[in-house]
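A.B. asks: Before anything else, here's the structure in question.
Just so it is clear, none of the values below were taken in a lab; they were calculated from the coordinates. Just so you know, these numbers come straight off a predicted model, no measurement behind them. Quick reminder, even Gly has a Cβ in these numbers, built from the backbone with ideal geometry, and neighbours come from all protein chains shown.
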Amino acid sequence: MRKTDPENERLDDAARAGWLYYIAGNTQDQIARKLGISRQTAQRLVSISISEKLIRVRLDHPIGVCLELAERLKGAYSIDYCEVVPSDREATATGVGVAEAAAAELERYLVSSHPVIVAMGTGRMLRSMAEQISPMDCPQHKIVSLVGNIAPDGSASIFDVASRIGDRVRAPYYPMPLPVIATTVHEKNLLLEQKSLRNIVELAEQANVTFVGIGTIDQSAALLRDGFVRPDEIRSLMRAGAAGEITGWAFDAKGELIEGLTNDRVLSVPLAKPAKRKLIGVVMMADRLKAVRAALVGELVNGLITNEAMATSLLEK
């Protein structure tokens, strides 16, 4: 039996209020009357239904300015797919809107009855995306990781997105039990000789759709913050002209992969140039602008999900 306590009762009330408001189309006054509560309480419960993710709301109507920005980006950077969502200048959540849009795009593949291979990068934005995926039962699909799931201390990375999505949609998933960057080139070669890893690389290269985050190469880089590279390695990449990274692969402002340095030891699935099949960058933070532009110019991605602010900046000369 489900334990009944004040917290569960509060969530039950919030879920009921959220359903009445967003699904059944009731006003807050109607909800208050039907639940026997004040209008203020009804308003608070409706808000809780969203903050606690009891009700998921997605924008289905395309906003004209966002459609125009998406079309301009497709023309400017010769990409096949682009979705732009509205910006909220006051939002503190790092993935607001963009994560939901990316989840909706992935779900369009997952609802297919035909087998689909989905390849996933890693990072905070994709983790936010994974949290927005609706629970499904998809044993016919395969979710494969492009990047290692082992943190520098040997623990499982909290940003292992493929396993999260696989669990959520009940699909087989294929993790890479490796660090993002090997200690030496010799270690990298030894690790990549494993037959299971070669199978994962081959599977990733057959993916119907791939989602990646796009990171910076600077003193605030996620690679540095999460301990995958040392400060001196970041400085060396910066001196070499690195503008950004995708699954650990560093590239310059023209989207060309940096020769040597940490790229000699990256264990992620290699980046194709130009990107093959459908490879979508999911990004919105302003500090990613230089990296995103470089990835688009270099054809490292052929799709983009972002917000108005980033789209506008990408179109500025």
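A.B. asks: Can you give me the P(r) profile for segment 6-51? Cα pairs, bins 10 angstrom wide beginning at 0, each as a whole percent.
C.D. replies: 34, 60, 6
A.B. asks: Sticking with this structure for a sec: Tabulate in residue order the Karplus-calculated ³J(HN,Hα) for segment 212-226, using 6.51 cos²θ - 1.76 cosθ + 1.60 with θ = phi - 60°, rounded to whole Hz; enter x for Gly and Pro.
C.D. replies: So the Karplus estimates, Gly and Pro as x, are 9, x, 10, x, 8, 10, 7, 5, 9, 4, 4, 4, 7, 4, 8 Hz.
A.B. asks: Could you pull out every residue, at least 5 positions away or on a different chain, whose amide H is within less than 5 Å of the one on Ser87? Hs are placed 1.01 Å off N in the peptide plane, and Pro or chain starts have none.
C.D. replies: Correct list: Glu308, Ala309.
A.B. asks: Return Val212, Val65, Val85 ranked ascending by Cβ neighbour count within 10 Å, so the fewest neighbours appear first.
C.D. replies: On the way: Val212 30, Val65 13, Val85 26.
Fewest to most other Cβ atoms nearby, the residues stand as Val65, Val85, Val212.
A.B. asks: Please order Leu192, Leu73 by the number of other Cβ within 10 Å, starting at the fewest. Kindly include the intermediate steps, with their values, before the conclusion.
C.D. replies: Values: Leu192 13, Leu73 22.
By the 10 Å Cβ count, ascending, the order reads Leu192, Leu73.
A.B. asks: Read phi for every residue in segment 23-35 and hand back ³J(HN,Hα) as whole Hz from Karplus 6.51 cos²θ - 1.76 cosθ + 1.60, θ = phi - 60°, with x for Gly and Pro.
C.D. replies: Taking θ as phi minus 60°, the curve returns 9, 7, x, 6, 7, 5, 5, 5, 4, 4, 5, 5, 9 Hz for segment 23-35.
A.B. asks: I'd like the Kirkwood hydrodynamic radius of the chain, using the inverse of the mean 1/r over distinct C-alpha pairs, in Å.
C.D. replies: Mean inverse Cα-Cα distance, inverted, gives 21.0 Å.
A.B. asks: If we count other beta carbons within 10 Å of each Cβ, what is the order of Ile158, Ile79, Ile50, fewest first?
C.D. replies: On the way: Ile158 12, Ile79 20, Ile50 15.
Placing the least packed residue first, the sequence is Ile158, Ile50, Ile79.
A.B. asks: What residue among Val98, Gly36, Ala295 has its Cα farthest toward the positive end of the dipole of the chain, where the charges are +1 on Lys, Arg and -1 on Asp, Glu, each on the Cβ?
C.D. replies: Gly36
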